[in-house]
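Working notes, structure below.
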């Protein structure tokens, strides 16, 4: 299934993309399961299929972040070999984890915000992974059993704030600086991550283009490591890291500005598209 969260006729809801249209869940079903995270927690995807309403056009909805209020957004730094090379840094021995705030994300076709504090808003196309169940100490070979789905993620970064200290967090959590969508594709319909290709375009120009098999720490590695540190919960998001080609390391550097259009496309997961506006 291709799952999504959205706003329609003033109602915040969610549903399934199928046959070119969006099918919202019924209000009765949503009273029982308020959002996608609660659907995962209740293991209610099959039940959800019988609660879908008429199909509506994408133009009739406003996309929201797939999980509008995730308990955790766990992001990974320096996790593509190509990106490690362009930074000139050594490959990390363990996954580099930092966290994004929930309100640092917007949905597909919503505007990313370049903040008043900086003009160095960079793009980072990434594969996102959403967790389906409460879990701890997940073995690598069991990782797929706790995955709700895969999606496109743009880990928008305010580069000067990212470099203020050794901690990445401040530059990665500015209000509405990253995006997440348009669809969460369940593992039974998504390609395997090693068969995916990630492409980021800025105003139609290809900036990043790499196979997801270039990940240093694969998705099972990340789930195992993160679940060792903390209890993962339904709706938690893991942004698996970006590939080479980010704006910071270009000569001259390329940062996003108002009026720009940025797209993150991943094989089988769709295209996440956002415009840029000033705060």
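In a Gaussian network model over the chain where Cα atoms closer than 10 Å are linked, find which of 206, 16, 129 has the largest mean-square fluctuation.
Of 206, 16, 129, the most mobile in the Gaussian network model is 206.
Going by how many other Cβ atoms sit within 10 Å of their own, how do 56, 276, 266 line up, fewest first?
Result, fewest neighbours first: 56, 276, 266.
Please build a GNM for the chain, connecting alpha carbons under 10 Å apart, and tell me which residue among 117, 51, 75 fluctuates the most.
117
Report the full-extension gain for the segment residue 167 to residue 257: residue separation times 0.36 nm, less the Cα-Cα distance, to one decimal in nm.
Contour length minus the Cα-Cα distance gives 29.9 nm.
If each DSSP helix of 4+ residues adds -39,500 (n - 2.57) and the sum is divided by the residues in the chain, what number results at 222 nm, nearest 500 deg cm²/dmol?
-3500 deg cm²/dmol
Give the separation of the Cα centroids, region 54-133 to region 161-217, in Å.
Region 54-133 and region 161-217 have Cα centres spaced 6 Å from each other.
Fewest first, what order do 255, 153 take by the number of other Cβ atoms within 10 Å?
Least crowded to most crowded, the residues run 255, 153.
List 119, 19 from most exposed to least, where exposure is judged by having the fewest other Cβ atoms within 10 Å.
19, 119
Kindly express, to the nearest 10 degrees and within the range 0 to 90, the angle between helix 219-229's C-alpha long axis and the longest C-alpha principal axis of the chain.
Helix 219-229 sits at roughly 90 degrees to that axis.
Evaluate the relative contact order of region 73-278 (contact order divided by residue number), counting alpha-carbon pairs under 8 angstrom at least 6 apart; express in whole percent.
Over region 73-278, the number comes to 35 percent.
What is the Cα convex hull volume of the chain when expressed per residue in Å³?
Cα convex hull per residue, to the nearest whole number: 121 Å³.
Using a ≥ b ≥ c from the Cα gyration tensor of region 2-63 (square roots of the eigenvalues), is it rounded, prolate or oblate, where a/c under 1.5 gives rounded and otherwise the larger of a/b and b/c decides, a/b for prolate?
It comes out prolate by the Cα gyration axes.
Please tell me the relative contact order of region 107-150 in percent, rounded to the nearest whole number, where contacts are Cα pairs under 8 Å and at least six residues apart.
38
How far, in nm, would the chain grow between residue 279 and residue 46 when pulled straight, counting 0.36 nm per residue and subtracting the alpha carbon separation?
79.7 nm
No value in this document is a laboratory result; all are computed from the given coordinates. Values in this document were obtained by computation on a predicted structure and should not be read as measured data. No Cβ is skipped: glycine too gets one built from the backbone with ideal geometry, and neighbour counts run over all protein chains shown.
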